[in-house]
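S.K.: Have a look at this one before I ask anything.
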Amino acid sequence: MAMLVANLSSSSFCFCSSLRFQSQKDIGSDVRVLRSSKASLRTASIEYRDYADSISTFDRSLTDANTRLRRFCEAGNLESAVKLLSVSGKWDIDPRTLCSVLQLCADSRSLKYGKEVDSFIRGNGFVIDSNLGSKLALMYTNCGDLKEAGRVFDHVRIEKALFWNILMNELAKSGDFSGSIGLFKKMLSSGVEMDSYTFSCISKSFSSLRSVNGGEQLHGFILKSGFGDCNSVANSLVAFYLKNQRVESARKVFDEMTERDVISWNSMINGYVSNGLAEQGLSLFVQMLSSGMDIDLATIVSVFASCADSRLLSLGRAVHSLGLKACLGRQERFCNTLLDMYAKCGDLDSSIAVFTEMSDRSVVSYTSMIAGYAREGLAGEAVKLFTEMEEKGISPDVYTVTAVLNCCARNRLLEEGKRVHEWIKENDMGFDIFLSNALMDMYAKCGSMQEAELVFSEMPVKDIISWNTIIGGYSKNCYANEALSLFNLLLEEKQLNADERTVACVLPACASLSAFDKGREIHGYIMRNGYFSDRHVANSLVDMYAKCGALLLARLLFDEVASKDLVSWTVMIAGYGMHGIGAESIALFNRMREAGIEPDEISFVSVLYACSHSGLVDEGWRFFNIMRHECKIEPTLEHYACIVDMLARTGNLSKAYRFIENMPIPPDATIWGALLCGCRIHHDVKLAEKVAEKVFALEPDNTGYYVLMANIYAEAEKWEEVKRLRKRIGRRGLRKNPGCSWIEIKGKVNIFVAGDSSHPETEKIEAFLRRVRARMREEGYSPQTKYALIDAEEMEKEEALCGHSEKLAMALGILSSGHGKIIRVTKNLRVCGDCHEMAKLMSKLTRREIVLRDSNRFHHFKDGHCSCRGFW
């Protein structure tokens, strides 16, 4: 239109000029020009009318396209809307219409159509302002393409907090907590005004990342921004602090809240429970009731959990009544937590009653009930309920199967555990790492390490729990070498690192083998990784050194344990007892009680054992009476065995016999066996025969007791009785466990059996022993051939004595280790008198300290003397 007007103006100017400046003779030609200009004017007028008509048609088409698109959006017809958009031009569409189409894409979660709309916008060069950018970001966020949503935020200034909040929340839900926090920081730098939802959302990301510093900084920013009084924001801060074990900080926020809703109270109660402060959670629940706040299902569930943890059955019953009054009794979650509470509080009957009355039982109901049966040792009922689940068509989940496996493990039900394993295979659950670990644990606790190893080897992925379970299983089942081998293999792994639990599992293996050097290596690993602060690790380390004969190191480490628990004290008390240092054991026991730690059954076993091995009869009786009368602990067979052993070792055989006869509980073979050992020490053959028959009746297939009685006859040189007893052993098909000793040299464990000549250093060992024997004769020692335990000539007996396994191990240690290094030998049986005398002489001749651990105690040989003072 502007161009048309310009053309007309130009024509008029030319015409006027021609009249003014041209001569008369040119008038005729000018008239022709004028006629021509009039024709041009008519043409221009027609063109103007056509342009005006086209403008009107354009307006109508523009209105029609936008109206139709909006109607499609209102009807939710996304496909038709996108098709119409695809055949439209840029000038046909209003940006507000595009926002409506993008909103429909977001609501429909249609990424495909959303991308087509985005392509239309960018392909036609639309300016993406805050409104259009917000809708684009919303579409990509709702459709799950968070990367593209973030790209929109990178290039468009979006002013409304709503859209920032939505993307932050979606990033957090997808697990990208760092991305959520990054978006929050960008929002902050962009100057976008935040709202309460912003802070509630971002605090969850800091909480999930366990970023205490970040959360505390956010808390400060919230207070500065004036949102500290906002209920939802304060609730999110409470949740953040509780998740990060900052209970006091959470309580401070809670106390400062001007208004608390039920969420505030529930969060705080649940937080106390989840942080192991059940009693404080219950106290807050009482305050909640006093405040007049209405309780809901979440409140009841948290309180039930608190009652379960605190074993407060009476309060649990009261809360049960409150829940019924609040009409929550029919809700599945209420019933599940209720039966779990009763089961954990030991009221299995009430738990069964709740379970029976439930109209709809879920997998959670069955799992809670199975776990309840398992706690009470009713393994048969637990397995039966597992079978019932299948019959009812309720598929057990990982937690259910794990509960059954734990039940089988706790009750040593190997066959039932194997049946569950078959079910796992049949239902294709065998590759679940959680279940595989539970299977290994079950097999290990049932003593079937071959099966446990098979599960371990078939696992496609192993976590540190897998390694800890198999290493701990080998260690507890006396496969110490296998435990150490696997530990070394774990150290070679690049993806996993041994943790506190790993070293706590492998240290008992070192203790079992008396592998002092390997134990020291692990000690170094513990210190490098800062694991000594873990009390369980520290206790295991103290125990390892004590059982390796390094009592001084054990005590130094014990003194360094910052917060000693009952186990810490008991381990050290037992350590002194094993070494025959009863006075120190008693002193430590008294110090423990002064520190306010009350002893348990195991602590009394340790101190009574120490009294027994140190000949402290009066002290032993005193502790036995303290246990019964002051601590109100009923003696078990282990305690009675310690008293019998204490009396028998000190020669009070008749008194020990009367003590057994007057016991309030039937004595087992261990107790009679302790008296039989005393009969051997004091050579009372007559009483031994009487005691032996009682032992044989209780454990007719235990070879050790037959051998012990045979030794008593042999030392008394009653060879006919020895033959008769050996025939009895033969008729029963029993085999004697051979004497076995071992010594660790340069990280390798060398094992010797009595009479063994297979070791590569045998010639050197035998030559060394002959030299020691000759020196013994020179100094007036004579071989104590009664310990040969064979009916033969004196020379044969002497040769048999030289083949005792502990002598071979001690000789190899002296020949193979550096000067001044302590020789540490372990034997599976009691050391014989001849070996004991030879060890004393070896220590004197070589000026080496020899630490020998036999089945009864430790012997420290130094300068020709033994720490046991002849009492073992």
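S.K.: Report, to two decimal places, the Cα Rg of the stretch 466-682 normalised by 2.2 N^0.38 Å (N = number of residues).
M.R.: The stretch 466-682 yields a ratio of 1.13.
S.K.: Assuming 0.36 nm per residue, please report the length gained on full extension of the stretch Glu159 to Lys690 beyond their Cα-Cα distance.
M.R.: Full extension from Glu159 to Lys690 adds 181.5 nm.
S.K.: Using only Cα atoms, figure out Rg for the stretch 289-376 and give it as a multiple of 2.2 N^0.38 Å.
M.R.: Dividing the Cα radius of gyration by 2.2 N^0.38 Å gives 1.02.
S.K.: Once the piece of chain linking Ile464 and Asn529 is laid out straight, how much longer is it, given 0.36 nm per residue of separation minus the C-alpha distance between them?
M.R.: Extra length available between Ile464 and Asn529 comes to 21.8 nm.
S.K.: I've got another one for you. Could you order peptides 470-478, 252-260, 684-692 by the average number of other Cβ atoms within 10 Å of their residues, highest first?
M.R.: 470-478, 684-692, 252-260
S.K.: Suppose we keep just the alpha-carbon trace of the stretch 168-259; what are its Rg and Dmax in angstrom?
M.R.: So, for the stretch 168-259, Rg and Dmax equal 12.3, 35 Å respectively.
S.K.: With a cap of 16 neighbouring Cβ atoms within 10 Å, and only residues DSSP puts in a loop, list the chymotrypsin sites (Phe, Trp or Tyr not before Pro) found in the stretch 106-164.
M.R.: Phe126
S.K.: DSSP loop GluC sites (Glu not before Pro) in the stretch 134-217 with at most 11 other Cβ atoms within 10 Å of their Cβ, which ones?
M.R.: Answer in residue order: Glu193.
S.K.: Sticking with the crude label model, points 7 Å out along Cα→Cβ, report the distance from Arg869 to Thr67 in nm, one decimal please.
M.R.: For Arg869 paired with Thr67, the spin-label model returns 11.5 nm.
S.K.: In addition: Using the basic label-point model (7 angstrom from Cα toward the beta carbon), what is the Ser190 to Asp701 distance in nanometres?
M.R.: Inter-label distance under the simple model: 7.7 nm.
S.K.: Shifting gears a bit: Spin-label point model (7 Å from Cα, Cβ direction): what's the Arg330 to Glu521 distance in nm?
M.R.: 6.7
S.K.: Moving to a separate point now. Kindly list the residues of the stretch 195-224 that lie in the label zone of Glu248, defined by a backbone N under 18 Å from the point 7 Å along the Cα-to-C-beta vector.
M.R.: 212-213, 216-217
S.K.: Please find the FRET efficiency linking Glu422 to His759, where r is the Cβ-Cβ separation and R0 is fixed at 51 Å, and quote it to the nearest 0.05.
M.R.: 0.65
S.K.: So what's the Cα pair-distance distribution over the stretch 430-495, bin width 5 Å, in %?
M.R.: 4, 20, 33, 26, 14, 4, 0
S.K.: So between Ile822 and Phe431, what do we pick up on full extension, going 0.36 nm a residue minus the alpha carbon distance?
M.R.: Stretched fully, the Ile822-Phe431 segment lengthens by 135.9 nm.
S.K.: What is the spread of the Cα atoms of the stretch 380-517 along each of their three principal axes, largest first, in whole Å?
M.R.: 57, 30, 22
S.K.: Now for a different question. How long are the semi-axes of the equivalent ellipsoid of the stretch 182-236, defined as square roots of 5 times the Cα gyration tensor eigenvalues? Whole Å, largest first.
M.R.: Here the semi-axes work out to 15, 15, 10 Å.
S.K.: Treating the angle as unsigned and between 0 and 90°, give the value, to the nearest 10°, between the Cα long axis of helix 719-731 and the longest Cα principal axis of the chain.
M.R.: 40
S.K.: Could you compute the FRET efficiency for Ala716 and Arg658, with r as their C-beta to C-beta distance and R0 at 25 Å, rounded to 0.05?
M.R.: 0.55
S.K.: Here is a follow-up. Would you list, by chain and number, the lysines whose Cα falls below 18 Å from the Cα of Lys723, excluding same-chain residues fewer than 8 positions away?
M.R.: Those lysines meeting the cut-off are Lys686, Lys736, Lys786, Lys797.
S.K.: Does anything in the stretch 569-596 have its amide N under 13 Å from the 7 Å Cα→Cβ label point of Asp618, and if so which residues?
M.R.: Label zone hits: none.
S.K.: For the modelled label position 7 Å from the Cα of Asp600 along Cα-to-Cβ, which residues of the stretch 403-445 have backbone nitrogen atoms closer than 18 Å?
M.R.: 410-411
S.K.: Calculate the translational D of the stretch 698-752 in whole µm² s⁻¹ from Stokes-Einstein, where the hydrodynamic radius comes from the Kirkwood formula applied to all Cα pairs, the temperature is 37 °C and the viscosity 0.692 mPa s.
M.R.: D = 253 µm²/s.
S.K.: What do you get when you divide the Cα radius of gyration of the stretch 109-209 by 2.2 N^0.38 Å, with N the number of residues?
M.R.: Against the empirical 2.2 N^0.38 Å value, I get 1.06 for the stretch 109-209.
S.K.: Let me ask something else about it. I need two numbers for the chain: Rg to one decimal and Dmax as a whole number, Cα atoms only, in Å.
M.R.: Final numbers for Rg and Dmax: 43.9, 172 Å.
S.K.: At a 10 angstrom cut-off on C-beta neighbours, averaged per residue, how do the peptides 329-340, 636-647 rank from highest to lowest?
M.R.: 636-647, 329-340
S.K.: Work out, in µm²/s and without decimals, the Stokes-Einstein translational diffusion coefficient of the stretch 134-291 at 20 °C, 1.002 mPa s, Rh from Kirkwood over C-alpha pairs.
M.R.: The estimated diffusion coefficient comes to 131 µm²/s.
FYI, it's all coordinate maths here, none of it is from the lab. Note that the structure is predicted; figures quoted are calculated from it, not measured. Cβ atoms come from the backbone with ideal geometry, glycine included; neighbour counts cover every protein chain shown.
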